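Working notes for the structure below.
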Amino acid sequence: MLWKRFFHYNYSIMENTLGNIIGFNILAFIIAYLIGSLNTSILVSKKMMKEDIRSSGSGNAGATNMARKTGFGAGMLISFIDWTKVTLTAFIFWILKTQIKHGFDYVYIQLVAFAVFAGHIWPIFFKFKGGKGVSAFLGFVMAWNVVAGLLVIIFFWVIVYFVDKISFSSISMTIFIVFLSLIPWFNNGMLTTIMSPGSGCYFDCVHFWITPGFTLLISILVVVKHRENIKRMIKKEESSFRQSVMKREPGCKLFKNKKS
């Protein structure tokens, strides 16, 4: 190929080297991070509302704050785009890894998904002030295991229904995801989608722990991003989901019927 001649090296020599593994993973991380930095809430609010969502409500560039500002439906659309961005980016790199190869087969898909998550909460295009990463975390789970992702969604909304606090549900969700990542049937095998470490790879396999490791890291970051919410919950000052979001949706009775 022309690019091999241009750089004057034999690709077969470059293969299986530590430098190649590190180089392609750094490249993948940078690309995925830049994609994640295209924060949906900020872009949509500036385009449609002519203002930065970070200047209103909680000041967070995420789906919940958008829901407070524009309504439940718009917030859910933002959430869907946020997690799809993570899953789709991971899927594209999985195609490069399995079909194109030529160095991309060294890329860890978990690292790619984490990079998109990192871009979401620390977007380089918006002075590193982004969202709290809840929807992006769901995108990570969807890339890792669709069944686990669906369970997480159900778990999240059940907690919201009974506790009426998005922040509490988000933190509880992170713990639930870490637990799921440690179950072999979710981490590896038939249920797993694009991040599978390989058939027969369980607790005694180093690759088994890659997904739980990234899951734990993301969970910690999500909890840290919710530290102010935790303080307000301790003081019983945290706003309820029904009062802050669902009051804008007079036609939705599912959440309104339960007292705050």
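Any read-out appearing in this document is the output of simple, stated calculations on the displayed coordinates, not a laboratory observation. Just so it is clear, the structure is predicted and the values come from calculations on it, not from any experiment. Glycine gets a Cβ as well: all are built from the backbone with ideal geometry, and neighbour counts include every protein chain shown.
When you filter the trypsin sites (Lys or Arg not before Pro) in the stretch 81-165 for DSSP loop state and at most 15 other Cβ atoms inside 10 Å of their Cβ, you are left with 101, 127, 129. Judged by the ratio a/c of the largest to the smallest principal axis of the C-alpha gyration tensor, the stretch 122-177 counts as oblate, that ratio being 1.5 or greater while a/b is no larger than b/c. Residues of the stretch 85-129 with the amide nitrogen closer than 20 Å to a label point 7 Å from the Cα of residue 17, along Cα-to-Cβ, please. Taking a point 7 Å out along Cα→Cβ of residue 17, the residues of the stretch 85-129 whose backbone N falls under 20 Å are 101-108. Fully extending the segment from residue 27 to residue 47 would add 4.2 nm, taking 0.36 nm per residue of separation and subtracting the current Cα-Cα distance. Note on the stretch 33-107 and the stretch 110-177: Cα centroid distance 11 Å, given to the nearest whole angstrom. With N the number of residues in the stretch 2-248, Rg(Cα) / (2.2 N^0.38 Å) evaluates to 1.09. If R0 is taken as 25 Å, the Cβ-Cβ distance between residue 161 and residue 227 corresponds to a FRET efficiency of 0.50.
Taking the Cα centre of the stretch 2-248 as reference, the dipole from Cβ charges on Lys and Arg (+1) and Asp and Glu (-1) amounts to some 1020 debye. Subtracting the Cα-Cα distance of residue 76 and residue 235 from 0.36 nm times their residue separation leaves 54.4 nm of extension gain.
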